[in-house]
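All of the numbers you see were taken from the coordinates with simple rules; none came from a lab. Not measured: the values here are computed from a predicted model. Every residue, glycine as well, gets a Cβ built from its backbone with ideal geometry; the counts of neighbours run over all protein chains shown.
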Amino acid sequence: MSKPIERWEREHGNFVRLLDLIDDWSERFRAGEPVEYELLREVMYYMTHYPDRYHHPLEDAVFDYLAGRHREFLAPVAELGKQHREIGELGKALVEDLDAIVGGAVVSRAAVVGDAENYSALMRTHMKLEETMLFPAIAEHCTDADWEAALSRVGDGVDPMFGDAVEQRYETVLREIANQVGCDCETGTPKR
Ligand SMILES: [Fe+2]
Ligand SMILES: [Fe+2]
C-alpha cells in the first residue's frame with residue numbers, strides 16, 4: 001500500500017520545513033535578536049489543527065491494523081501512539097502560551113522557547129521512527145482497504161497551509177519558508 005506512505009512522507013517534508021522555522025526562530029531568540037511571536041503561533045496553530053487532527057490520527061488507525069495482524073509491531077505502535085499524545089499536549093500548551101504572549105500577558109519567554117525546542121526535537125525523532133520502523137511494514141502488510149477504513153474512521157482533512165487553498169492566516173508562514181529555502185514563489189515550493 002503506497003498511497004498513504006507517499007502522502008505521509010510528503011507531509012513529513014512539510015512539517016520539517018516548519019520545524020526548521022521553529023529552530024531558526026529559537027536560535028534568534030537565544031542570540032538576543034528580536035523575534036515575532038505571531039509567526040511561531042501560526043506554525044503551532046497549524047500543527048495542532050492539521051497534523052494533530054488528521055495526520056497522526058490516520059497513522060494511528062493504520063498502525064492499529066498493522067499491529068492487529070502482526071503482533072511484533074504492538075510495542076512500536078504503542079510508543080508512537082504515546083508520542084502522538086505527547087506531541088498533541090505540548091502543541092496545545094504552546095498555542096495557549098503564544099496566544100497569551102501575543103495578547104500581552106506576562107509569560108516566561110524562555111520557558112516557551114524551551115518548549116518549542118522540545119516540540120521540534122520530539123517531532124523530528126517521532127517522524128524518523130515512523131519512517132524507519134513502520135512505514136516499510138505498512139507498505140508491505142496493509143491494503144488499500146485498510147487505508148479506506150482509516151479514512152472513514154478519522155475523516156480526511158484539508159491541509160490549510162500546504163493544500164490547494166491556503167488559509168490567509170498561513171500566508172506569512174509560507175512567505176517565511178520561501179525566504180528560507182530561496183524560492184521564486186510564495187507557496188513554499190523550493191527551486192529545483
Ligand atoms: Fe505521527
Ligand atoms: Fe507521521
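Only counting other Cβ atoms within 10 Å, I'd like Ile22, Ile5 sorted with the fewest neighbours first.
The order, fewest Cβ neighbours first, is Ile5, Ile22.
Please give the calculated 222 nm ellipticity per residue for the chain, where each DSSP H segment of at least 4 residues contributes -39500 (n - 2.57) and the sum is spread over every residue; nearest 500 deg cm²/dmol?
One gets -23500 deg cm²/dmol as the mean residue ellipticity at 222 nm.
So how long is each side of the chain along the principal axes, counting just the alpha-carbon atoms, biggest first, in Å?
52, 36, 25
Mind checking the angle between helix 56-69 and the chain's longest principal axis? C-alpha axes, 0 to 90 degrees, to the nearest 10.
Roughly 20 degrees, rounded to the nearest 10.
Compute the FRET efficiency between Ala93 and Ala31 as 1/(1 + (r/R0)^6), taking r as their Cβ-Cβ distance and R0 = 30 Å, and round to the nearest 0.05.
FRET efficiency, Ala93 to Ala31: 0.75.
Chymotrypsin sites (Phe, Trp or Tyr not before Pro), restricted to segment 111-187: which are DSSP loop and have at most 11 other Cβ atoms within 10 Å?
none
Can you give the percent of C-alpha pairs in segment 59-140 whose distance is more than 15 Å?
Within segment 59-140, distances greater than 15 Å cover 62 percent of Cα pairs.
Please report how far the C-alpha centroid of segment 30-74 lies from that of segment 114-183, rounded to the nearest whole angstrom.
Measuring centre to centre over Cα atoms gives 7 Å.
With a cut-off of at most 15 other beta carbons within 10 Å, and DSSP calling the residue loop, which GluC sites (Glu not before Pro) in segment 111-141 qualify? Please list them.
In loop regions of segment 111-141 (DSSP not H, G, I, E or B), there are no sparsely surrounded GluC sites (Glu not before Pro).
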